[in-house]
């Protein structure tokens, strides 16, 4: 039946997902084929970040001949391999292809990107990564340079859809001039299996949020920090609470009174349950009061949400109001109160749970899509307001995730939904949890006001 409908058949192999907490060297031993221009200001930081993450970079000959990168690597006890993009060795296999496109200023320079990927894609292993690093088109000096940089997004989004059948992904990092030092966290995330269900994703890395650049360990980076997760009793919220705790955070688990699941979640991770209705008028004050003995909050994750699906013509006003109250208004009220009372520490992290529906819309979900789109606008404005304090605000936009809620969907709708992405399968709560945890860490200091889609490279949305 699925074949007759023309739906994609899920890939036979499971995606390569990590076990356990974030590792010091997440790219340990991974062969990363690196291409680009010797004139790029991002090239040296990229190589240094790759080495620190445990990767084995292999560079095309021109980059080694016309730069001092090999000398840099030798000084750190490493050796850079040399590649020839025209003739990859027979049987050659790489975990990742990384193209530094930051120096591209003309459309004909895009030919190099084509040549590299056309030649080396056959060398990319299953569940591999292709990552392009470019510049925000708004920083370009000429209209043609802006066009060339913007063209990278179309390339990456299309390539992601071609790679999905092998469980591989493609991504784009736009790094603002001067923010190359903040590429370390995004490179570690997007080139490792931490991002197994993240594809066709453009992200901007900049220096918007102030930071002291204090060194924090890559392992258990949230040690000694306090986090709060709403809707933590089950599904995605439960997974986020577990992963934050795994990285060292003390987690407050918020969910409705009478929900035994949240008590079990809190007990299992050594956290604290906080039963309350996030829409209650006194909810922000109750949360602030519970946090005060801890001295405030470092990570705030707004995950609680509801669906009240009906086409607009058949939707009750109560269904509209309930959805906006829980999904949009409660996070805004809570965040504003915690900021006003000084309960969110400088350098803190705010993560709001949006949705692909908030980007692309969905039949029967005008209320849900409205609330989730609203959260995107909220974090973008909030990011600018809080930049001086080093607080970042970002949104996550999951696609079809295998949860108890999606298991209640009609069979045919569910089968269609889980296949509407480049990877032709549904995601798992842990995929969203790892993305949320990444945004909560110091390594994500270069990302703020962003929307990180966890959708397997959805075939709809942008």
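None of the figures in this text is laboratory data; all of them are computed from the coordinates on show. Keep in mind it's a predicted model, so treat the numbers as computed, not measured. Heads up, the Cβs are rebuilt from the backbone with ideal geometry, glycines too, and the neighbour counts pull from every protein chain shown.
Just the Cα atoms of the stretch 31-205, one point each, no solvent: what log10 I(q)/I(0) does Debye give at q = 0.10 Å⁻¹? For the requested q values the scattering log ratios are -0.33. Helix 366-386 and the long axis of the chain differ in direction by around 70°, with both axes built from C-alpha atoms. Going 7 Å from the Cα of residue 210 toward and past its Cβ, which residues in the stretch 300-342 have a backbone nitrogen under 19 Å from where you end up? Backbone N within reach: 339-342.
Note down, for the stretch 111-185, the three equivalent ellipsoid semi-axes (square root of 5 times each alpha carbon gyration tensor eigenvalue), biggest first, whole angstrom.
With the √(5λ) rule applied to the stretch 111-185, the semi-axes are 24, 15, 10 Å.
As an equivalent ellipsoid, the chain spans semi-axes of 37, 26, 20 angstrom, where each value is the square root of five times an eigenvalue of the C-alpha gyration tensor, largest first. Panel note: the C-alpha atoms of the stretch 65-168, placed on their principal axes, show extents of 40, 38, 23 Å (largest first).
Computed from the C-beta positions of residue 17 and residue 118, the FRET efficiency with R₀ = 51 Å rounds to 0.95.
Below 8 Å, C-alpha to C-alpha, sequence gap of six or more: please give me the relative contact order for the stretch 31-205 in percent.
Contact order relative to length: 22 percent.
Each of residue 268 and residue 332 was given a label point 7 Å from its Cα along the Cα-to-Cβ line. The distance between the two points is 3.4 nm.
For a distance above 34 Å, tell me the whole-number percent of Cα pairs in the stretch 226-454 that qualify. Here the tail beyond 34 Å accounts for 9 percent of pairs. On the beta carbon distance between residue 285 and residue 86, with R0 = 56 Å, the FRET formula returns roughly 0.25. Taking all Cα pairs closer than 8 Å and separated by 6 or more residues, the relative contact order of the stretch 226-454 comes to 20 percent. Per residue, the average separation of C-alpha pairs within less than 8 Å and at least 6 apart gives the chain a relative contact order of 16 percent.
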